[in-house]
Structures are given as C-alpha cells and as structure tokens.
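These notes concern the structure reproduced below.
Nothing in this text is a laboratory measurement; each read-out follows from the coordinates by a stated rule. Everything numeric in this text was worked out from a predicted model, so none of it was measured. Reconstructed Cβ throughout: ideal geometry from the backbone, glycine too, with neighbour counts over all protein chains shown.
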Amino acid sequence: MSNQQFMREALDLARANIQAGGRPFGAVLVYQGQVLARAVNEIHRSQDPTAHAEMQAIRQAAQALGRPRLDGAEIYATGHPCPMCLAAMHLCGIERAWFAYDNDEGEPYGLSTAAVYAQMAKPPQQQSLPLRPLKPAGEADLYRQWQQVQQA
C-alpha cells in the first residue's frame, strides 16, 4: 500500500468514529510495510482522556510485537498529533508520523492543541499545571535500584 492509502484508511476510521459518536481521529500504524494497528479516538467510550487514536494504535502495536519499542514504524494520523501522542511516538521509536489535518484547520471546531503546545513549551515553574520537585528526606537510589535489577 502507498502512503496515500494508509492515510485514506485512517480517514475512513475517523469518519466511522464520528458516526459512532466519537471524535474525528483515526490512526494506522505501519511496521515493515504492513498495517500493525488501526485505532480511533475512544475517549467517548472509555472516558479515558489518553485514549487518542495514536495512543491506541501504539498500545495495540506494542502488544502485537510483544515489546514497547516500535523502532522503524510509521503512523498515519488524521489530525496533527497532540503533545502526549507526539511524546509517546518519540518514546517508543516511531520513525515517521504523517497527519492529514493541522491545528489551524481544527481550531474553528475546538480541536486545536496549539494552546497545549504553548503551555508545555514554558519552563515547569511557569506552566499552569504546577510541576514541582518533591523528594522526601532520606529518599535515594530508586533509579540505581532499577538499573541493578535490569542488569541482573
């Protein structure tokens, strides 16, 4: 299949999701030229605010491969990935991401993530969601303990 066909499949998923009462987001995750996962935004069904189409596709693909790394995979998303989805793509090794509609096109319909991007670009102390360090007295070595277990 071509890039256009993968994106058309994501768009078909999004349109079907609209008819099912969901948001206009679909994603197709491709690995080694094969579709490994197809997903839609499921917030309306699950009440899980992280159930974005891209996140669902990443979860499905990781399960299918039996590992959290998706190095070399591509994802086709109907909308510009939000910061959460983009971060997940980086963390799991997605090689390339394609999107059909950008933030400007979604803005008139309340679908823009531009404000979220702007907020996250600020230093932690300036964000609207307070993010402050808090390590209890005497706490140490959590990451070293993890590394020791991983190396054993």
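Please go through the range 46-152 and write out the trypsin sites (Lys or Arg not before Pro) that DSSP classes as loop and that have at most 13 other C-beta atoms within 10 Å.
Numbers: sites: R59, R69, R96, R144; in loops: R69.
Listed in order of number, the matching sites are R69.
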Based solely on C-alpha atoms, express the radius of gyration and the Dmax of the range 94-149 in angstrom. 18.9, 51
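When Rg is the radius of gyration of the Cα atoms in the range 31-152 and Rh is its Kirkwood radius, what does Rg/Rh come to? Write down the numbers at each step before the final one.
Values: Rg = 17.7 Å, Rh = 17.0 Å.
When Rh is taken as the Kirkwood radius, the ratio is 1.04.
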Calc'd 3J(HN,Hα), the range 98-106, phi into Karplus 6.51 cos²θ - 1.76 cosθ + 1.60 (θ = phi - 60°), Hz, glycine/Pro = x, comes to 10, 9, 8, 10, 9, 4, 4, 6, x
Mean residue ellipticity at 222 nm from the helices of the chain, using -39,500 (n - 2.57) per DSSP H segment of n ≥ 4 over the full residue count, to the nearest 500 deg cm²/dmol? -12000 deg cm²/dmol
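Which shape class applies to the range 1-90: rounded if a/c is under 1.5, otherwise prolate when a/b exceeds b/c and oblate if not, where a ≥ b ≥ c are the square roots of the Cα gyration tensor eigenvalues? Write out the running numbers ahead of the final one.
On the way: a/c = 1.77, a/b = 1.22, b/c = 1.45.
Because a/c hits 1.5 or more and a/b fails to exceed b/c, the range 1-90 counts as oblate.
Which value, in debye to the nearest 20, describes the size of the charge dipole of the chain about its Cα centre when Lys and Arg Cβ atoms bear +1, Asp and Glu Cβ atoms bear -1, and nothing else is charged?
Numbers: 13 positive and 14 negative charges, 76 e Å.
Dipole magnitude for the chain comes out near 360 debye.
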